[in-house]
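> Right, I'll just put the structure down here and ask away after.
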Amino acid sequence: MSTKNKSLIILLLILVVIFGCSKFDQNEIMGTWISSDKIDTLEFVDNNNFYMSNIVMRHDHYDYHLDKDSIKIRYRGVLMVLVQPTKHKYYLDDNTLTIDFRNKICYGFSSAEITFINH
């Protein structure tokens, strides 16, 4: 194999690594998000915690962890029921955050795909 071919292969591998890795900026999720049906409000306050409010719950605490295309959520609110964290697909695009809660029940959330708008 020639030096030119080796260089080309190395360049291609570098490009695949750079563009193939899905990078996200965790700060993009910070702030207040209101569901499109205006039922739920999420307030992401830092890289680990958010608060949810709706007609039943007011400023209830959750912790979370983002991983490329999924979010792991655990209830940490005042009711502190024994609830295991659940992992859900999420999509973040400009002012829209969509979390798919259909795969597992997540305490306090409907079993649906919920779209939130950044406010």
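The values are calculated or read from the model by the stated rules, or taken from the named source; none is laboratory data. Note that this is a predicted model, so its numbers are computed, not measured. Heads up, the Cβs are rebuilt from the backbone with ideal geometry, glycines too, and the neighbour counts pull from every protein chain shown.
> Collect the residues in the range 54-68 that are assigned to a strand (DSSP E or B) and without any contact (Cβ under 8 Å) to a residue 24 or more places away in the chain, keeping them in residue-number order. Steps first, please.
Pass one, the range 54-68, residues assigned to a strand (DSSP E or B): 60-67.
Matches in the range 54-68: HIS61, ASP63, TYR64, HIS65, ASP67.
> Another question, if that's okay. Yes or no: LYS6 at pLDDT below 95, basic (Lys, Arg), at positive phi and surrounded by fewer than 16 Cβ atoms within 10 Å (Cβ to Cβ)?
Details: at pLDDT below 95: yes; basic (Lys, Arg): yes; at positive phi: no; surrounded by fewer than 16 Cβ atoms within 10 Å (Cβ to Cβ): yes.
For LYS6, the condition - at pLDDT below 95, basic (Lys, Arg), at positive phi and surrounded by fewer than 16 Cβ atoms within 10 Å (Cβ to Cβ) - is not met.
> Another question about this same structure. Taking ARG102 and the conditions (1) closer than 16 Å to ASN49 by Cα; (2) surrounded by fewer than 19 Cβ atoms within 10 Å (Cβ to Cβ), which numbered condition does it fall short on, given that it satisfies the others?
Going through (1) closer than 16 Å to ASN49 by Cα; (2) surrounded by fewer than 19 Cβ atoms within 10 Å (Cβ to Cβ) one by one, ARG102 breaks only (1).
> What number goes with the only condition from (1) in contact with a strand residue (DSSP E or B) (Cβ under 9 Å, 6 or more places away or on another chain); (2) without any contact (Cβ under 8 Å) to a residue 12 or more places away in the chain; (3) not in a strand (DSSP E or B) that TYR51 does not pass?
Checking TYR51 against (1) in contact with a strand residue (DSSP E or B) (Cβ under 9 Å, 6 or more places away or on another chain); (2) without any contact (Cβ under 8 Å) to a residue 12 or more places away in the chain; (3) not in a strand (DSSP E or B), the one that fails is (3).
> Please find, within the range 30-60, the residue that is farthest from GLY108 (Cα to Cα) out of those that are among the acidic types (Asp, Glu) and in contact with a Ser or Thr (Cβ under 8 Å, 6 or more places away or on another chain).
Residues of the range 30-60 that are among the acidic types (Asp, Glu), as a first pass: 37, 40, 43, 46, 60.
Within this subset, residues satisfying the condition of being in contact with a Ser or Thr (Cβ under 8 Å, 6 or more places away or on another chain) are 40, 43, 60.
On the way: ASP40: 10, GLU43: 14, ASP60: 9 Å.
So the residue we want is GLU43.
> Inspect the range 21-35 for any residue being in a helix (DSSP H, G or I) and modelled with pLDDT under 65 and give the result as yes or no. Let's see the steps before the verdict.
First, pick out the residues of the range 21-35 that are in a helix (DSSP H, G or I): 26-29.
Cutting the leftovers down to modelled with pLDDT under 65 gives us none.
Within the range 21-35, none of the residues are in a helix (DSSP H, G or I) and modelled with pLDDT under 65.
> Does ILE71 meet the test of being closer than 19 Å to ASP93 by Cα and touching a residue at least 12 places away in the same chain (Cβ under 8 Å)?
Details: closer than 19 Å to ASP93 by Cα: yes; touching a residue at least 12 places away in the same chain (Cβ under 8 Å): yes.
So ILE71 fits the description; yes.
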